[in-house]
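Okay, structure first, notes after.
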């Protein structure tokens, strides 16, 4: 059962509002945690409440007319609870009463807007008669996202869409590259028109591409902001690959890197396993740097990851250099996507799950009989 902390001053009209919020939490089969429901404690009341915040899954922050009494730390208990939740990464669902607020509460509201959701709060309410509906709506949406509902499915679909790209059958683009896509499970974009006005944004994201080593220091980077994403076209690559990195307004990240061999004759016809793994690692590093820059409220928690090989009908997967001979597959798709469906994982676990997409990519080539055997296998007569 989820534990929901209800945070607000408890005096005056807010007492009835808190009680209505508590009933709404219980109606959703969740456990409300608040000052009124706590057992007697020998600990200082301030520390005891903050410890209870830390034990909860989410916080309902009720912002009414009054700020509350300021403690010795210079803020109200409610703001301390908000800060505690934010520092511990606990989701805060802020509900704002339609009322006239005292100046200190108005200032707190702006801090919540600025630090938590850039001016977009979960919902508003009028009084105790309708706050229960607002609480129920906010918690239902939070629970759906937490359980991997609509947002996770949308992330899977977005990852597959970006992995398939715009390559069309019948066109040969040259070289050999791997495209890696990481899409967060979110219900709103991370970049909007206001964020795109930031004069440093493109330079910062280009710097993230270089620091991840997806973009070599010698490569030229041409940035362009489009309808739903920012693209970075890389020039001066070692081969014939046309490499493009992408940062979606929805927080999705696309990394591309060369994965061909060094052989003059067959270099563009192979996907080297070690180089594919390196492109995956670099894309994850790039994605983390992107989110640190654009995810101001630390909303990216769950992600979907997949990868793709464009022009795959002209490629084989190789665990070591192919030598002087190569047998080409006959039935590969034009763009090979693996894994499909994408791997779902927590953001924090992303670097440690790369074994899965690597294995799925290998398996996808294997199923099409498009894995070049090791030299020892060829000597043994299995080729």
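The values are calculated or read from the model by the stated rules, or taken from the named source; none is laboratory data. Please read these numbers as outputs of a predicted model, since none were measured by experiment. All Cβ positions, even for glycine, are placed from backbone atoms using ideal geometry, and neighbour counts span all protein chains on display.
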When you go through 312, 265 one by one, which is the residue that is touching a helix residue (DSSP H, G or I) at 6+ places or on another chain (Cβ under 9 Å) and either at pLDDT below 90 or within 20 Å of residue 211 (Cβ to Cβ) (or both)? 312
For residue 258, the lone unmet condition from (1) out of contact with any strand residue (DSSP E or B) (no Cβ under 6 Å at 6 or more places or on another chain); (2) within 28 Å of residue 352 (Cβ to Cβ); (3) modelled with pLDDT under 95 is (1)
Report yes if some residue within the range 319-334 is over 22 Å from residue 224 (Cα atoms), at pLDDT 85 or above and assigned to a strand (DSSP E or B); otherwise report no. no
The number of residues in the range 110-136 that are part of a helix (DSSP H, G or I) and at pLDDT 90 or above is 6
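Matching residues to (1) buried (at least 21 other Cβ atoms within 10 Å of the Cβ); (2) outside any loop (DSSP other than H, G, I, E, B); (3) modelled with pLDDT of 90 or more:
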position: 18; (1), (2), (3): yes, yes, yes
position: 25; (1), (2), (3): yes, yes, yes
position: 29; (1), (2), (3): no, no, yes
position: 43; (1), (2), (3): no, no, no
position: 73; (1), (2), (3): no, no, no
position: 85; (1), (2), (3): yes, yes, no
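Matching residues to (1) in a strand (DSSP E or B); (2) at pLDDT 90 or above; (3) in contact with a strand residue (DSSP E or B) (Cβ under 9 Å, 6 or more places away or on another chain):
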residue	(1), (2), (3)
169	no, no, yes
175	no, no, yes
183	yes, yes, yes
207	no, yes, no
Name the residues in the range 340-362 that are surrounded by fewer than 14 Cβ atoms within 10 Å (Cβ to Cβ), out of contact with any helix residue (DSSP H, G or I) (no Cβ under 6 Å at 6 or more places or on another chain) and more than 19 Å from residue 285 (Cβ to Cβ), would you? 359
Restrict the check to the range 215-226 and report whether at least one residue is surrounded by 14 or more Cβ atoms within 10 Å (Cβ to Cβ), in a helix (DSSP H, G or I) and either modelled with pLDDT under 85 or not assigned by TED's automatic domain parsing to the domain that holds residue 98 (or both). no
